[in-house]
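Got a structure for you, written out below as structure tokens; questions coming shortly.
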Amino acid sequence: MSRRWGKKKPPAGWDYIEPTLNALASELREVNSTTSGGKQKLEANWPIIQLNNQRTRYIYDMYAVHQKISRELYMYCVKVKMVDAALVAKWKKSGFEKLCSVFVIDRRNFPFGTTAICRVPRKSLGNKIIFEAHTGCRGCASGSGVSNIFGTKYGQRLARVQLAREAKLEAQYGSNNVGVEVVEKMDTSSGVTQQAAAAGPWANMDSSDEDEDEEEDEDEDQNAGEGARAGTTGAEVERDGEGSGEEDVGGSSSNSIGHKRKIDGMQESTKRSKIG
């Protein structure tokens, strides 16, 4: 165990999450040592804020969502500052499940006592593509339809990625053979193995959360189309009903004319009989 995580020995289950946490720590060191490259000061800080969110989300999902680590291990991670406790406290509240940072909801940080634009629901923004100036978030309001709130690898749910890889290995090698030894013995010429090793804990962006966003948009469009078709069908039925009503009126009019002619014929016959 590295000294930066504290002197106390971590609880059981630490070995399960340690590789991902080490990869995130290495990524954070690399980001801090990299020059801004002409970016503005706020934009240069985006990866730091996003990595803090991703590390917190990974540990929280492993504990609360997937139940892969114990509460003891989770509290250990909170104690050694690997988890942003203030951010997790907001995630537990309705409407803040995907919050990017507590900074964006602090009204003291914005003029007129408002919040950041990333807190505006996606439907209210229409087709606009936005990025919050301080965090790089593109929408963390509940029901926004955005799974990867940062649009980068730092917005991926690493717990999902890790469990998906484990399920793939289990399907390929069996549940009893999934482990570090099997991974080390796997053929290094395998394309999947090389891609996973190169990407680290992150998934390929070409097949990650971006596809989920497109599927959600397609579902919304499909539901809207079905609603429009249902409205059209209802209007056609109404028009058919009106047409049938007109036919009934026409039929009653013809019956009235025939009845009148019959009465006229009877009156004419009566006159002739009187004359005769």
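The values are calculated or read from the model by the stated rules, or taken from the named source; none is laboratory data. Everything numeric in this text was worked out from a predicted model, so none of it was measured. With ideal geometry, Cβ positions are generated from the backbone for all residues, glycine too; neighbour counts draw on all protein chains shown.
Please determine, by comparing only the residues of the stretch 39-82 that are of a type in the set (A, V, I, L, M, F, W, C) and over 15 Å from GLY13 (Cβ atoms), which one is nearest to the chain's Cα centre (by Cα).
The extreme case among them is VAL65.
Hand me the list of helices (runs of 4 or more DSSP H) wholly inside the stretch 1-94 holding 1 or more residues that are among the polar types (S, T, N, Q) and farther than 18 Å from LYS153 by Cβ.
Here the list reads 14-33.
Out of all the residues in the stretch 115-127, which are loosely packed, with under 11 Cβ neighbours inside 10 Å and in a loop (DSSP other than H, G, I, E, B)?
Result: GLY126, ASN127.
Yes or no, residue by residue, for (1) aliphatic (A, V, I, L, M); (2) surrounded by 11 or more Cβ atoms within 10 Å (Cβ to Cβ); (3) assigned by TED's automatic domain parsing to the domain that holds LEU158:
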{"position": "GLY13", "(1), (2), (3)": "no, yes, yes"}
{"position": "SER36", "(1), (2), (3)": "no, no, yes"}
{"position": "THR56", "(1), (2), (3)": "no, yes, yes"}
{"position": "VAL65", "(1), (2), (3)": "yes, yes, yes"}
{"position": "LEU73", "(1), (2), (3)": "yes, yes, yes"}
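Taking the stretch 82-121 on its own, how many of its residues are small (Gly, Ala, Ser) and touching a residue at least 40 places away in the same chain (Cβ under 8 Å)?
Number satisfying all stated conditions: 3.
Something else about it: Within the stretch 28-62, which residues are within 27 Å of GLU97 (Cα to Cα), at pLDDT below 95 and acidic (Asp, Glu)?
If the condition is that a residue be within 27 Å of GLU97 (Cα to Cα), at pLDDT below 95 and acidic (Asp, Glu), then GLU43 is the only one that fits.
A further question on this structure: Quick check on the stretch 77-112: of everything there that is among the aromatic types (Phe, Trp, Tyr), out of contact with any Phe, Trp or Tyr (no Cβ under 8 Å at 6 or more places or on another chain) and surrounded by 11 or more Cβ atoms within 10 Å (Cβ to Cβ), which residue is nearest to SER147 (Cα to Cα)?
PHE96
Right, next: Please pick out the residue among PHE131, PHE150 that is out of contact with any strand residue (DSSP E or B) (no Cβ under 8 Å at 6 or more places or on another chain) and over 29 Å from ILE17 (Cβ atoms).
Details: PHE150 fails: over 29 Å from ILE17 (Cβ atoms).
After applying the criteria, what remains is PHE131.
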